[in-house]
Amino acid sequence: GEDTRGEEIDDEDTRADSAIIVSVNIDTQKIPLTSILRDSYCYYEVVDGDESTGTFGKINAAMSDGGIDCYIRTVEHMFKINIDNYAIVNFSSFEKIIDALGGVDIDITAAEIKEINNHPKRYGNVYIEGEPGVLHLTGEQALAYCRIRKIDSDVVRGDRQKTVLLQLFEKAPIASTLKS
């Protein structure tokens, strides 16, 4: 997930705001998700194999410094994995995907509702009505939910993102098409 809010999705000159490795285990029919914390400290080379372009910094800078290729190389190196495919979404496309699938049902706490409702500027003027528990969220509301990190940590923020993704994976097989 890149940190942009417009209609265009970029693979260069943008920060990686959120990243989740999705693995599909055909044998167990499970889809494990692993969050990459955006403030993870790492070494990366903007130009592959050119140590003169190497630097230490937060992993989300690898995307802004060297584009998606640099970011993926960095993740592959850090986790000793091969990434076969990737998808980039921004705030707008994330909302559209969720809305196209009819929203998501999320078990939301009182603290999460309060954080979103009490900080309209931070979360795009989104309001969540209802009591804590399972609530049906629109794309805008789900994005606000995924962005919360002021009440706990970036780790819990990643868990929220994975919760929403798992809801989407459950809905996707029944969706006929996604329209933008």
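The values are calculated or read from the model by the stated rules, or taken from the named source; none is laboratory data. Every value quoted in this text rests on a predicted model; they were computed, and no experiment measured them. When we count neighbours, we look across all protein chains shown, and the Cβ atoms used for this are built from the backbone with ideal geometry, even at glycine. These accessible areas exclude ligands, DNA and RNA; they are computed on the full protein's heavy atoms, side chains included. Shrake-Rupley method; radii C 1.70, N 1.55, O 1.52, S 1.80 Å.
Here residue 78 fulfils each of the conditions (1) crowded, with 19+ Cβ neighbours inside 10 Å; (2) assigned to a helix (DSSP H, G or I) apart from (1). Among the residues here, residue 71 qualifies as open to solvent by less than 30 Å² (accessible area, probe 1.4 Å), modelled with pLDDT of 90 or more and not hydrophobic (A, V, I, L, M, F, W, C). Inspect all residues belonging to segment 36-43 and state whether any of them is buried (at least 18 other Cβ atoms within 10 Å of the Cβ), touching a strand residue (DSSP E or B) at 6+ places or on another chain (Cβ under 6 Å) and part of a loop (DSSP other than H, G, I, E, B). Looking through segment 36-43, none of the residues is buried (at least 18 other Cβ atoms within 10 Å of the Cβ), touching a strand residue (DSSP E or B) at 6+ places or on another chain (Cβ under 6 Å) and part of a loop (DSSP other than H, G, I, E, B).
Out of all the residues in segment 76-93, is one or more in contact (Cβ under 8 Å) with a residue 12 or more places away in the chain, over 30 Å from residue 130 (Cα atoms) and among the polar types (S, T, N, Q)? No, there is no match, as no residue in segment 76-93 is in contact (Cβ under 8 Å) with a residue 12 or more places away in the chain, over 30 Å from residue 130 (Cα atoms) and among the polar types (S, T, N, Q). Looking at this structure, is residue 93 surrounded by 15 or more Cβ atoms within 10 Å (Cβ to Cβ) and not in a strand (DSSP E or B)? It is true that residue 93 is surrounded by 15 or more Cβ atoms within 10 Å (Cβ to Cβ) and not in a strand (DSSP E or B). Taken over segment 102-155, the criterion of being more than 21 Å from residue 35 (Cα to Cα), surrounded by fewer than 18 Cβ atoms within 10 Å (Cβ to Cβ) and of a type in the set (A, V, I, L, M) is satisfied by 110, 111, 134. Say whether the condition of being modelled with pLDDT of 90 or more and more than 23 Å from residue 163 (Cα to Cα) is met by at least one residue in segment 24-41. Checked segment 24-41: at least one residue is modelled with pLDDT of 90 or more and more than 23 Å from residue 163 (Cα to Cα). Scanning segment 44-59 for residues that are in contact with a Ser or Thr (Cβ under 8 Å, 6 or more places away or on another chain) and assigned to a strand (DSSP E or B) returns 44, 45, 58.
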